[in-house]
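The values are calculated or read from the model by the stated rules, or taken from the named source; none is laboratory data. This structure is a prediction, so every number in the text was calculated from the model and none was measured. Every residue, glycine among them, receives a Cβ derived from its backbone with ideal geometry; neighbour counts consider all protein chains shown. The area values use the complete protein model at the heavy-atom level, side chains included, leaving out ligands, DNA and RNA. Shrake-Rupley method; radii C 1.70, N 1.55, O 1.52, S 1.80 Å.
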Amino acid sequence: MTPQEVYDYKRRWQTSVQKYSFYIHSDRRREAIEWCKESLPKQCWHHTQFTDVYEDTMSFESRVHCLYFIEWYGWKIK
């Protein structure tokens, strides 16, 4: 995909009702972004800095990708 196609694709799923988000501590930002770059296609995730105090948001197109990220991040899924 070209950079423009990636951008358009991400905007489409980010504005849809069904997207999956997970909040991370800003201290773990670099390692979270690196994990996403290595593990997921670039059009399937998005990082937003400072959505709250010491908090960033990782958004994913699919529930499966979000669950993989949560597992890597170290949270137990109930």
Quiz item: What number of residues within the range 1-57 are in contact with a Ser or Thr (Cβ under 8 Å, 6 or more places away or on another chain), among the hydrophobic types (A, V, I, L, M, F, W, C) and part of a helix (DSSP H, G or I)?
Solution: 1
Quiz item: Which is within 26 Å of Glu5 (Cβ to Cβ), small (Gly, Ala, Ser) and touching a residue at least 24 places away in the same chain (Cβ under 8 Å), of Ser62, Ser16?
Solution: Ser62
Quiz prompt | Residues of the range 13-31 classified as at pLDDT 85 or above and exposed (fewer than 15 other Cβ atoms within 10 Å of the Cβ), total | solution = 7
Self-check item: Long-range neighbours under 8 Å by Cβ, at least six apart or interchain, first residue under 19 Å from Phe50 (Cβ atoms) within the range 24-40, second open to solvent by 20 Å² or more (accessible area, probe 1.4 Å) and of a type in the set (Asp, Glu)
Solution: Ile24/Glu55; His25/Glu55; Ser26/Glu55
